[in-house]
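Have a look at the structure below, then the notes.
The values are calculated or read from the model by the stated rules, or taken from the named source; none is laboratory data. Note that the structure is a prediction, hence the values are computed from the model and not measured. Using ideal geometry, Cβ is built from the backbone for each residue, glycine included, and neighbour counts are taken over all protein chains shown.
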Amino acid sequence: MTSETFMTNFLSNRGYFKKYRTNLFGLTGTLGSDASRKVLTKVYDVDLVIIPSSYKKQYISFPDILTNSESEWLETICNRAINESNKDRGTLIICETIARSQQLAAKLRNCRHSSALKLYIMNNMDQEKNVEKIKPGEIIIATNLAGRGTDIKTDDIKKHGGLHVIITFMPSNKRVEEQAFGRTARQGKPGTGQKILNTSHLSNCKDLNTEKITETRDENEKQKLKDFMEGELEVIILKDDLFLKFCNLLKGIRTKIREKADISRKLKQQATVLFKHVHPSVLESNIILSIEERWAHFLRKIDSEEFPINRKKIEQDYEKFQQEIIHDYDQNCVIKNPYYHIIIGNDLVMNDSLLNDNYDKAMTHFDQAIKLDERHSASVYVGKGWLLLKGMRRFMLRKKQDVNYKSTAVIEFNKALVVLSEEMSILATMQILLEQRCPHIQTPLSKQLFQKINILTSYINSLEKAISIIEKSQRFIQITEISQHSTTEAKSNRRGVLKETILHAKFDKENGKLCDIDLISPNEVHRHLASVRERKKIIIVVENENIFKVIFKQKEKNECDSFTITNQHLINDLSSFHHEEITILDRSKHSRVYALIYEAVTSKNGYIQQDFLEPLKSLKDGRTYEVAFNDLTVRKDCGTIDQAIKTIDSAFSKTEPESKNDRVLSLMTLSVPNRVRKNIELSSDYKDISISIMEINAGVLKEFLNPNIEIKQVTKEVALAQLEDNSSFFHCHLLPEFWSPDSCKVNLEMKMNNGRLKEKHDLQIRDVIQIIKQQTEKHVDFNLTFMDANKASKVLNEKVLIYSNQTIEFIQFDKANVQEKLNKIQSQNVVLEITDSKEVLIDVISLLETQYVEISFEEKSNKNIESIKKTVERAKVEETINKINSSLVTIGLIDIKKSIAQGIIDMCPNASFLIRFINVKLESLLNGLDHELVNFHFDKLKKETAKILIEQVRKKNLDFILKFKNLTNHQTQRLIEIAPIEQENIDIIKVKTLSDLFMNESMPQLELSEFSQRGIEYLLQINEKGFIPWRSIAVVVMLAAIQMGVGGALMATGVGGTIGMGLLTEGLVDLTIAGVAAYSRKFSWSNYAKQKTLSLAISAISMGISSIKGASKAAQNIAVGIGSEMSEQAATHTITHTKTIIHGIAKVGHHAGGHVLKSFAIQAASQSLLVTIDGLVSIRE
């Protein structure tokens, strides 16, 4: 409980007991001094009555003892305690502090057996039970805990004189003293007591006796009580009166909150009140808590007032405070603690944010939290990103999301990471300092720091994963611009730049730069209309304090249009800004205003962003470009749809695709000169496609490239399972080896316990299985190598590697790692990038013989550029490096020899390296790969080779970047425009909490609670929604239509009603399947085939049973007819042919049909016999 919470819930004892009025009654055994009795009578308005004891008091007070030193004091206490203990009495020693109790216990243990000593210094049940009963000779050492209501049983020592109490300090007042000595001589039993004091513990009392000390104490108490009555009591009474007023204020605020609740919540509360008490909503609870916090701060001001207090002034201050609370509540700014806004916002996101109004409310709470404390608002930014991803409900199952919500969510998450990184660095620094101060010691603080770092790491990892998923879904495109100069030009441009490589910022297709929003005065409109027409801006004209007009570019008319804002929330937000001639709204601070304006402009069919192709128009002639497509996807929908392969096919197509951007494309194409236009398409012999696999584990890359499948250090069981998987039953057991040898040979290594290594090469799988089964030694590790068994590698070797160049980059290496790779890997060229201080790099360059050096620059001034690399003449390198502001600089040494690289690495012991092997040799590469992160590039690919490579990479589920290099500006524009890139919305799969990461027994409750109060609690699990399989759905719907059409026709004609009903039902089922596929965005033809097969089988069985039933019924009717005819004949000849009746009928029945109807005919004959008998009886009658 914080001090603010304690003060918030404060109601004095006086205020509480006075609520009982005249019904107050209490009992105590220690009323204290006369002065304290008078205060008790006056404050609580009660009478004091002394009730006579039931037993005669048998208490003897021993003379008090004063000592002058610490040692004498301890010695006296021990002697008196041991003396009484020797008499088989019990002794209770009451000390002022735990430290003195432990000090006294340590001294007594030297003189007394430890079993006779008991400690009561902690308020827990174990120690309390330990002192419930005292035996002869035992000594209890306790703090004042034992002096407050502890009933020590003294039955065993009663006959020896009872309990002896020693007080080792001067009690603060008479009541405390009476409580302490009241532990003995209870209920008529004998007992004694005594004070043994140390004058060094008493201030200014060294030359006084105990009587004087007691008088001084009582006088001090009397003066304190007088000061209390004249000062503090008045404050307490004032606080109690104000507390009643504050409670009424809270009651009024609660009523207002519930009246403002939405209709659904009101209905819920009305229904709930009939059955149980209504629990306050999260909004209500946190508003009340915020008001209570402000009330606590108001009470603190009262405490800071000097006595005597001015009651009238304080009451006036409270009235101001109350009016301020009411005003702030009406203006929606009553909450001054950002964490209450966070809790409310998170609750709205979790439960009700799909409703439009609650979406806005949640965003408003997050924005207000940022205004209150931007530096500690990590969870606020996470909440805003979460809200953007979740969106709001539009029509039933459809959701509406803000424009460019993915990029905005990433921005919010990145802001959160910045704040969290600062906090993480502080915690890490504290942990380092603590380890330096307390090495090899696990202190409670170090454990707490460890738990906090662990929790924050999990939270940060969750955010980084969410950012990665969102960015992958955006299918970013990145352009690299390369300008090459001749040596003569490099020398003449005074900068010595031979080559400049500009890496432009990533962008996603179809989403151009969003319009900025400016607030301007009416007289500034004409100056900004040009920017509106160019779709760079949307302007809001401030006509007066509450009237705002929006000017934007209309799509249909292709001219400017306007409307007046009517949204009251938006008007309130705009009115709060300080208006000047021009106010440029910060997108990050006013994201909600941007979202509402964009929504309004979109509803008016206006532009809110530039064409994404607009920046491409600025690409210059005479330069070379590279285009990189990131995270292109593949899916199944009546075949494989691979965005990468489709992009390659589109790049080489001669015809322009039909798309919504045809108009823009045609304008771009028309702007190209005729002599250039025919060379825009990529030619069939174009071979500058590149596939880059970035930041892949080297072990995974090795598995992909290695022609052999290697399984290292596995147990006997795992080795046998792998061998069985790679060989069929026939190979292992049935077919002779010369008939059907295994498809691959196996090399076997067995590492024994003693370190011996057994190797066998070029074995059949069946032989390896036998060898391993015969191995009886335990704890043996097996290494298996299936020679040339990697099918993907075989395809790569035959169709890709020989037709391409391979480059590998080892990133963020230190000195030792770089030297290792230089020794192991062979390549045509080596590029070494070094990141180090300016001084070190300048020294390195001075020793080089190379003419040019590549220098990297971070471009922070231009948001459209990510980085720049310049290949600079050696004479200009030092000058260029010194112009860089950063203390660390990155240079690249191109086509450097290994021997020179070794020397350079030795000169840079603290540097970070990136080493690039160009045209690497595969065999040496496989030997040099371990488990580090690497970038691998397949360069110089032609169209078909690239497609084959993509198919193999997809089989391994590896992410890659598709690049087109050596493009002109017009080819770059065309390629980006025609690339068939699509993206889907983000779906929140699950929301977990940080506590879900821990087991119950190891859950750090304190740290989790602290983070939860700050809103750092929820972990998002998100994914990109799957594409709707429209092709498969269309086919299923078509099949359903055919089935329903045929079924309806059969039922209408009456030719096959049963079959028609079955087809109709199957059609309806297929429509349901199509609907589910559209909703879930998943469809599998294999599952559909299984379902359809099962359904048709059931229908066939049902139809077969119906047919059999129909046939049996017809046969039965025929047989009955035959039987009736036969019975009539039998009736006329009954006398002469009675012996042959049954035989004749059975024979006729036998010939009436085949085997299927035989039983039915016999049953009919039996029935006809009964009819014949009845007929005979009737004839006789």
Condition set modelled with pLDDT under 90, surrounded by fewer than 19 Cβ atoms within 10 Å (Cβ to Cβ) and not aliphatic (A, V, I, L, M), scope segment 334-354, selection nearest to D573 (Cα to Cα): answer is D352
With criteria (1) farther than 30 Å from H485 by Cα; (2) in contact with a helix residue (DSSP H, G or I) (Cβ under 7 Å, 6 or more places away or on another chain); (3) modelled with pLDDT of 85 or more, L619 comes up short on (1)
Considering segment 89-146, residues that are part of a loop (DSSP other than H, G, I, E, B) and among the hydroxyl-bearing types (S, T, Y), and then whichever is farthest from Q194 (Cα to Cα), we arrive at T97
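Just for strands (runs of 3 or more DSSP E) wholly inside segment 466-559: which have at least 2 residues that are touching a Cys at 6+ places or on another chain (Cβ under 8 Å)?
Of the strands (runs of 3 or more DSSP E) lying wholly inside segment 466-559, those with at least 2 residues that are touching a Cys at 6+ places or on another chain (Cβ under 8 Å) span 537-544, 547-553.
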Wholly inside segment 841-904, strands (runs of 3 or more DSSP E) that include 2 or more residues that are among the hydroxyl-bearing types (S, T, Y) and out of contact with any helix residue (DSSP H, G or I) (no Cβ under 8 Å at 6 or more places or on another chain) are 865-873
The one condition S588 fails out of (1) modelled with pLDDT of 85 or more; (2) within 26 Å of E866 (Cβ to Cβ); (3) among the small types (G, A, S) is (1)
For segment 798-826, pairs from a residue that is hydroxyl-bearing (S, T, Y) to a residue that is outside any helix (DSSP H, G or I), with Cβ under 6 Å and 6 or more apart or across chains, are S804/F938; S804/K940; S804/L941; T807/I918; T807/H937
>> When you check L48 against the structure, is it in contact (Cβ under 8 Å) with a residue 12 or more places away in the chain, not charged (D, E, K, R) and not assigned by TED's automatic domain parsing to the domain that holds H164, yes or no?
In response: yes
- prompt: Got at least one residue in segment 86-95 being closer than 28 Å to D218 by Cα and modelled with pLDDT under 85?
  reply: no
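Could you say whether any residue in segment 514-521 is touching a residue at least 24 places away in the same chain (Cβ under 8 Å) and at positive phi? Write out each step before concluding.
Of all residues in segment 514-521, those touching a residue at least 24 places away in the same chain (Cβ under 8 Å) come to 514-521.
Next, only the ones that are at positive phi stay: none.
No, segment 514-521 has no match at all.
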